[in-house]
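Q: What follows is a single structure, and I will ask about it in a moment.
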2 protein chains.
Amino acid sequence: MTIQSKFSRLGTDAAPGQEVRQLSGSLDSVLRGDTIAGRPVDFSHGDVDAFTPTPHSFEVFSAGVEAGGKQAYTEYRGDLGIREELAERLASFTGAPVDARDGMIITPGTQGALFLAVASTVSQGDKVAIVQPDYFANRKLVEFCEGKMIPVRMDYATTEGAAGLDLGQLEDAFKSGAKVFLFSNPNNPVGVVYSREEIEEIAVLASRYNATVIVDQLYSRLLYSGVNYTHLRAQQVDAENVVTIMGPSKTESLSGYRLGVAFGSKEIISRMEKLQAIVSLRAGGYSQAVLRTWFNEPAGWMDERIRKHQAIRDDLLKVFRATSGIQVRTTEAGSYIFPALPHLSVAGNDFVRILRLQAGVIVTPGTEFSPFSESSVRLNFSQDHAAAVAASKRLVTLVDRYRA
Amino acid sequence: MTIQSKFSRLGTDAAPGQEVRQLSGSLDSVLRGDTIAGRPVDFSHGDVDAFTPTPHSFEVFSAGVEAGGKQAYTEYRGDLGIREELAERLASFTGAPVDARDGMIITPGTQGALFLAVASTVSQGDKVAIVQPDYFANRKLVEFCEGKMIPVRMDYATTEGAAGLDLGQLEDAFKSGAKVFLFSNPNNPVGVVYSREEIEEIAVLASRYNATVIVDQLYSRLLYSGVNYTHLRAQQVDAENVVTIMGPSKTESLSGYRLGVAFGSKEIISRMEKLQAIVSLRAGGYSQAVLRTWFNEPAGWMDERIRKHQAIRDDLLKVFRATSGIQVRTTEAGSYIFPALPHLSVAGNDFVRILRLQAGVIVTPGTEFSPFSESSVRLNFSQDHAAAVAASKRLVTLVDRYRA
């Protein structure tokens with residue numbers, strides 16, 4: 001594959017946060033009506049001004065700067081003292097041991113961890129099972145590594161009490177030679193959590209086919225009431241076959257510090273460190289110190305954060321469900337919601353641009369997550385409550401305006 | 001290539017900063033004499049406690065945190081306002097225009113920029129010309145991208161007034177199909193600067209063979225008295241064929257913030273941003289704010305920093321040159337010095353371990369930079385002056401002790 005063809009598949013123009021680089025093209029011929037006034041809301045990512053970073057995170061960062069060279073130059077895999085603190089808390093959270101010395105790496109964001117995990121397990125021609133829909137970078141990572149993606153459908157729309165993963169398709173993927181399965185739980189963009197039965201069956205299949213599972217649990221702390229979460233790494237599965245990825249960037253609003261962690265398989269973590277040495281050296285030294293606040297927040301802080309997000313979720317669900325033709329599943333964890341819109345007179349990507357232009361509402365088009373999701377849009381509702389509700393009303397107003 | 005064989009070539013155990021992960025193995029049978037007391041010095045990287053970060057860098061970071069979401073979530077290629085400030089200063093420094101919007105990307109460290117630049121220009125089987133000796137990651141980057149390295153010798157030891165690059169070998173590399181040439185200027189590990197004639201000839205050859213040149217100018221601000229520096233990008237060369245990489249991590253001691261920039265070819269920068277979107281998303285948002293201090297230091301600050309480094313360099317040169325059999329070239333820029341030691345009774349890598357064990361002196365083995373450099377060691381002398389001189393004396397004491 002030439003470098004040109006490799007990069008032609010790596011588009012980012014529709015990726016969240018890149019709207020500023022989109023060429024506008026002409027929408028004039030399809031526009032209907034006037035713009036709708038209202039405070040603009042960027043649902044492409046959480047608003048860290050509405051939900052502010054963990055208390056004391058800046059003080060801990062400052063102490064890191066104060067510590068000087070010791071904190072600036074850590075091992076490539078991150079400061080051992082910090083890894084030791086985290087290992088204990090992550091073991092307790094996930095229900096299985098974490099080896100601070102050899103089984104954990106600190107990365108620049110969870111994106112950094114995902115890249116390293118995929119690039120450490122997938123080389124040219126390797127088959128990788130990928131859920132549809134799932135986080136938009138998963139497919140791109142496999143393509144960049146010149147692996148072959150084997151899609152596995154998740155029928156979230158008509159399933160209850162489970163994510164709706166097609167476990168038969170997953171087994172077929174393993175049968176056809178997939179050595180890696182990569183998925184997010186809770187699912188990004190849908191916000192559903194895999195059931196205990198689904199996770200147990202993934203563990204069984206990974207063991208049967210000796211496959212590596214990379215599970216992105218970025219939002220696994222932000223669980224809404226009544227939802228149970230099952231950690232794959234705590235199931236009957238070879239620990240060397242599982243890499244779990246988390247980070248404090250979302251629920252804790254620490255995105256500005258670019259921190260993630262991967263833990264589990266020592267062999268894969270060791271490769272990830274070798275690769276990090278040439279990709280970015282290490283997560284920012286001073287930023288690493290901020291991990292001391294993680295899973296160590298003031299009492300009641302996380303409960304309050306969950307309560308507030310749940311209230312926003314409930315209000316958005318009301319807005320969407322009051323609109324004929326919008327289908328939406330209840331978010332079970334995290335701050336994404338993924339409504340499927342009715343048939344419109346304009347293409348999905350154009351509607352996303354119209355939303356920005358006429359309503360000051362930025363969402364991410366569903367096609368970033370699956371080729372079958374053209375009618376859906378993803379909203380990150382970690383926003384100012386009132387502004388988010390008002391913006392979702394503008395969204396449904398435009399849905400009505402552009403109905404086919 | 002299987003993933004296992006790919007990673008077996010990516011060793012990091014002897015890489016700078018990773019000494020803590022080295023298994024000690026037994027040196028007992030070769031050890032001579034006792035340990036030498038003295039303040040330990042880690043020459044594998046600069047000491048940011050001895051040479052502290054740029055004044056006001058922390059205040060500017062704090063302001064970035066204060067700015068909140070706007071600073072936390074920038075375009076993948078970095079905040080446009082900051083790019084605009086930098087573009088002007090970098091154009092003035094390098095003597096050629098920099099396009100803030102399309103011709104520049106902010107990365108997590110210069111390592112991040114190097115990875116993205118190589119991975120955006122080299123795919124399987126592509127030939128890449130690499131200088132020997134040069135920065136240890138260059139070779140690994142090419143190998144990770146499954147490119148084919150074509151070595152070009154730099155005969156720094158017997159050259160004066162130039163780096164000593166074998167331009168005939170470089171042309172042969174291009175003739176044999178190399179489409180990319182990657183090198184550091186000043187050279188890491190030797191600290192020599194390429195002459196105007198060398199840079200002009202590199203420009204001529206890149207134009208003649210339509211090759212891309214990636215030039216790592218990380219240390220190009222720390223020039224010692226009497227040294228002239230020639231910027232490749234300001235020569236007669238197609239601007240789309242050159243990517244220049246710099247960053248404030250070294251001279252400015254801002255390593256803890258993990259910042260780098262790449263600028264030049266719009267096509268390659270555009271690929272680099274697509275790749276950054278899946279590798280790390282962006283350089284830490286708050287950290288990006290620290291770039292506002294770059295090329296914007298208080299009057300006289302950089303002169304003073306250069307003066308102090310030059311004084312340490314001069315003292316180390318005296319220590320090494322007073323020792324029979326040590327060959328060392330005068331560092332012209334940056335803070336690396338690369339003495340070649342006389343023939344010893346132990347292997348080069350073992351001597352490096354002995355230095356740590358018996359003298360509290362950490363250096364990087366020459367073999368990290370070139371297969372022909374086993375007798376050399378690299379020292380980063382951006383250290384406390386007195387401690388660095390004392391440590392270099394312990395080094396030569398051990399050289400005398402282990403002479404063959």
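For (1) modelled with pLDDT under 80; (2) of a type in the set (V, I, T), each residue gets a yes or a no:
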site: A:K6; (1), (2): no, no
site: A:T12; (1), (2): yes, yes
site: A:R21; (1), (2): yes, no
site: A:V30; (1), (2): no, yes
site: A:T35; (1), (2): no, yes
site: A:S44; (1), (2): no, no
site: A:P53; (1), (2): no, no
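Q: Determine whether the range B:67-80 contains at least one residue that is open to solvent by 30 Å² or more (accessible area, probe 1.4 Å) and either under 18 Å from the mean Cα position of the chain (by Cα) or more than 10 Å from chain A (Cβ to nearest Cβ) (or both).
A: no
Q: Can you list the strands (runs of 3 or more DSSP E) lying wholly within the range B:121-190 that have 2 or more residues being basic (K, R) and either more than 14 Å from chain A (Cβ to nearest Cβ) or surrounded by fewer than 24 Cβ atoms within 10 Å (Cβ to Cβ) (or both)?
A: B:148-153
Q: Another question, if that's okay. From the list A:D384, A:D350, which one is more than 26 Å from A:R139 (Cα to Cα), assigned by TED's automatic domain parsing to the domain that holds A:R307 and of a type in the set (D, E)?
A: Exactly one of A:D384, A:D350 is more than 26 Å from A:R139 (Cα to Cα), assigned by TED's automatic domain parsing to the domain that holds A:R307 and of a type in the set (D, E), namely A:D384.
Q: Could you please tell me which pairs satisfy a Cβ distance under 7 Å, a separation of 6+ or placement on different chains, a first residue in the range A:378-391 that is of a type in the set (G, A, S), and a second residue that is in a helix (DSSP H, G or I)?
A: Final answer for the pair search is A:S382/A:H309; A:A388/A:I312; A:A388/A:L316.
Q: Being farther than 30 Å from A:R271 by Cα and away from every other protein chain (no Cβ under 12 Å): is that true of A:H56 here?
A: When the stated conditions are applied, A:H56 passes them.
Q: May I pose another question? Just to be sure, is A:H385 away from chain B (no Cβ under 14 Å) and open to solvent by 30 Å² or more (accessible area, probe 1.4 Å)?
A: For A:H385, the condition - away from chain B (no Cβ under 14 Å) and open to solvent by 30 Å² or more (accessible area, probe 1.4 Å) - is met.
Q: Contact list please: Cβ distance under 6 Å, first residue in the range B:76-87 and without any contact (Cβ under 8 Å) to a residue 60 or more places away in the chain, second residue in a loop (DSSP other than H, G, I, E, B) and hydrophobic (A, V, I, L, M, F, W, C), pairs at least six apart or on different chains.
A: Going by the 6 Å Cβ cut-off, the qualifying pairs are B:R83/B:A100; B:E84/B:A100.
Q: Another question, if that's okay. Among the residues of the range B:101-120, are any among the hydroxyl-bearing types (S, T, Y), surrounded by fewer than 24 Cβ atoms within 10 Å (Cβ to Cβ) and at the interface with chain A (Cβ under 8 Å from one of its Cβ atoms)?
A: no
Q: Let me ask you something else. For the range A:307-339, name all the residues that are in a helix (DSSP H, G or I), surrounded by fewer than 17 Cβ atoms within 10 Å (Cβ to Cβ) and touching a strand residue (DSSP E or B) at 6+ places or on another chain (Cβ under 8 Å).
A: Of everything in the range A:307-339, nothing turns out to be in a helix (DSSP H, G or I), surrounded by fewer than 17 Cβ atoms within 10 Å (Cβ to Cβ) and touching a strand residue (DSSP E or B) at 6+ places or on another chain (Cβ under 8 Å).
The values are calculated or read from the model by the stated rules, or taken from the named source; none is laboratory data. Only a predicted model underlies this, so the values are computations on that prediction, with no experimental measurement involved. No Cβ is skipped: glycine too gets one built from the backbone with ideal geometry, and neighbour counts run over all protein chains shown. Protein only, heavy atoms only, side chains kept; ligands, DNA and RNA dropped before computing areas. Shrake-Rupley method; radii C 1.70, N 1.55, O 1.52, S 1.80 Å.
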